[in-house]
C-alpha cells in the first residue's frame, strides 16, 4: 500500500486543489483500507481499487459540503451533476484548437484555470487525461454509466478550454 | 495521422494532445514531510474494531468492547491501573495493589482495567484470566481468552464483562505481553448471596 500512497495523494491534490484536503482524503482512505490489508494483497491492481474508494469518500465529502452553509471556496461554477447537454448553451466554446496551439500554454495559466474548474471536472480530467484510466475503468471507479462519463469528460474539457481562454484575456489585461 | 480519442474527439484537429501534455506536466506539490509514515501509522492505530473482525464469534464482541471503551472516561465500575514500564530490566510480572469488588450472585458487571502505556505498543497480546467464583460473560467454559491489539501511548481502558457464577472469592487478571515482557493487573472479587427479605 505504501508504494501507492504518494500517487493517490497526487490524485487527491488534483481533485481538491489543496494539500490539506488531499492529505485528509488519503488519510481517510488509509483508515478505511487498513483493516482489509490481507484482502488488498490479493488484488492484482490495487491502485484503481483504492482510487475508487477514495473517489467515493471524496464524493461523500462534496455532498456534505454542498449541504453545509460553510463552503471551501468558490469552485464548481458548473454543476457537475448536470445532465449531458444542459447548460452548454451558455458555455463559451473557447478558443479553437488552432488558437490553442498558437497560444503559449503556460503552466501558470493552466494551474489557474485548473483551480477554477469544478471538482468533479477535475476528477474526470485527472483520471482520464492525466492518469490514463480508460473510460470503462473510469466508469467503474466513478460508478456512472459510460454515456454519462463521456458527456462529463466532454464538458470538463470544454470548461477547461473556456477557463484557459478567460485566463488568456486576464493575462492580456495584465500586460 | 489523425485519430480519435475515446470520446470521439478528433485529437489531431482538436490539438487536445497539447493540452493533455500540459495537464500531465502540471505541478503537484509533494505531501508534507513525513506524511506517508504518519498517515500509515494513524491508519494502523485506528482499526482495533476492524481487526477484531478477524476474531471468531464471541471474542469478536469482547474485543469490540475494548474499542468502545478505549479513551472513554472511567465509568462506575472498578478501575484497576496498570502501568507498563517498557524499559524495565526485570521480566518478573509487576502486580499492582489489587482493588476489591463485591458482586451479588449472578450479577453481571463490567470491570474496567486502565492500562497506562509509556509508548505505543503494536500487536501487544492481551490475556484475560477469570478464576474462582467469576467468569467472563460469554466465556463460561474458558479459563482465559487472549487476543492481539495495539495499545496507544497513554491511557487505554479495557472493559471486561464479568458475571458472578458462584458465591465466594474470584479473581480477574489482565496480562499484557509485549516483546517477551509481561505485566499484569488483578482485581479480587467477592461474590455474595443475594439478601433475602424476611416476612
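The values are calculated or read from the model by the stated rules, or taken from the named source; none is laboratory data. Please read all numbers here as calculations on a predicted model, not as lab measurements. Note: ideal-geometry Cβ built from the backbone for every residue, glycine included; neighbour counts use all protein chains shown.
For segment A:28-53, filtered to residues that are in contact with a helix residue (DSSP H, G or I) (Cβ under 7 Å, 6 or more places away or on another chain), surrounded by fewer than 19 Cβ atoms within 10 Å (Cβ to Cβ) and at the interface with chain B (Cβ under 10 Å from one of its Cβ atoms), the residue that is nearest to residue B:35 (Cα to Cα) is A:31. The set of residues in segment A:1-27 that are more than 26 Å from residue A:111 (Cα to Cα), part of a helix (DSSP H, G or I) and facing chain B (nearest Cβ under 9 Å) contains only A:2. Any residue at all in segment A:134-155 that is closer than 15 Å to residue A:14 by Cα and out of contact with any helix residue (DSSP H, G or I) (no Cβ under 7 Å at 6 or more places or on another chain)? Among the residues of segment A:134-155, not one is closer than 15 Å to residue A:14 by Cα and out of contact with any helix residue (DSSP H, G or I) (no Cβ under 7 Å at 6 or more places or on another chain), which makes the answer no. Looking at segment A:96-175, the helices (runs of 4 or more DSSP H) lying wholly inside it that each contain 1 or more residues that are within 9 Å of another protein chain (Cβ to nearest Cβ), within 16 Å of residue B:18 (Cβ to Cβ) and at pLDDT below 90 sit at A:97-102, A:107-116, A:146-174. Would you say residue B:174 is buried (at least 20 other Cβ atoms within 10 Å of the Cβ), modelled with pLDDT of 80 or more and either at negative phi or not in a strand (DSSP E or B) (or both)? Taking the combined requirement at face value, the residue satisfies it.
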